[in-house]
Amino acid sequence: MKNAMKAVVFGFREILNWNTMLYALVSGFLVTAVWIGVGFYFWDSLVSISSRILELVPFSMVRSNGAWMLSTFLWLQVVLLTFALIFAFFGNIILRSVSKEKYTSFSLIVAGGSAIFWAVVWYFKGDYIYHQFLKLLTWLPFETIEKGVAFLIGFYLIYNAIIVTLLFVASIFSEPLLVSVEERHFKEDDVVRDHVFRVVGYTIKDSFIFLFVSAIALPLLFIPLLNIFVQIALWIWLIKDTITYDAAALSYEKVDKEALKEHRVALWFISLVTALFNFIPVLHLFGPYFGEISMFHYLKSIQKQQ
């Protein structure tokens, strides 16, 4: 697990590299522009589908649990945003002040401190925040609430389409990206890569499963707390095989799937951290590349220990 934590820290540092940022921003904005165009063209159909899904959800759940859902989502947003802003504005100072051995622990302390701080705010003001959302939903007539939520579901569908497409793009460009990382940090390694192993089949399979299960689980988004865990689980399922096998194919002469299962805890952990990027718009553009780089670093680390 220690190697996994180091890999995550390495991934955070590498996505600030200009080469990685260029991959993420260019591909991210192009993919987003394409799906915005698709969404604009088919928007009425998306809202119609969303409205049919809402017919399966009682109105009381749309109003009351919808308020809890918005409150919980807002808490998660401010926690992740606080963590990101601390490292964005004070990253250089932190790197100079904290040793490499303590960097992982420090990152966990910052993340935990952010979560605790906002949990305290929500403990004292949570009811007020919830009632403000509930009041907003109550003020609106039924049709407006239904239409508003249908619009949110439409955006949710487009957002997930962007995430799936970004994963494909990151997988396609994984080799040049990870080779550049290898040349800068693993020059002494001489690995014959497994060019026979193909990841695209796993990505397609997991994407279809992700889309199918997401459609079935959509009503669960109205259940507070459970909605976050369900969404995280779906995103982890979507990305785990792709980033694992992309990194393995560039780290080993032959990919051994059974051997990789011995490291399942670390692989799931890195996938979890990668999935959390998707909760913050704009930062989600960097998620797949962070996952590819972190997983590559982890596999290279355990390869050295063997």
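Quick look at the values:
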item	result
Pairs, first under 18 Å from Thr244 (Cβ atoms) in the stretch 169-187, second open to solvent by 20 Å² or more (accessible area, probe 1.4 Å) and among the aliphatic types (A, V, I, L, M), C-beta under 9 Å, six or more apart	Val169/Leu30; Ser171/Val200; Ile172/Val200; Glu182/Val191
Residue ID - least open to solvent (accessible area, probe 1.4 Å), chosen from residues in the stretch 244-262 that are out of contact with any Leu (no Cβ under 8 Å at 6 or more places or on another chain) and in contact (Cβ under 8 Å) with a residue 60 or more places away in the chain	Val255
Val31, sole failed condition from (1) open to solvent by 60 Å² or more (accessible area, probe 1.4 Å); (2) more than 29 Å from Gln303 (Cα to Cα); (3) in contact (Cβ under 8 Å) with a residue 12 or more places away in the chain	(1)
Qualifying position, being in contact with a helix residue (DSSP H, G or I) (Cβ under 6 Å, 6 or more places away or on another chain), over 20 Å from Phe286 (Cα atoms), at pLDDT 70 or above and not hydrophobic (A, V, I, L, M, F, W, C), among Ser114, Ser97, Ser45, Ser27	Ser114
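The values are calculated or read from the model by the stated rules, or taken from the named source; none is laboratory data. Since this is a predicted model, take the numbers as computed values, not measurements. No Cβ is skipped: glycine too gets one built from the backbone with ideal geometry, and neighbour counts run over all protein chains shown. Accessible surface is based on the protein model in full, side chains and every heavy atom, while ligands, DNA and RNA are left aside. Shrake-Rupley method; radii C 1.70, N 1.55, O 1.52, S 1.80 Å.
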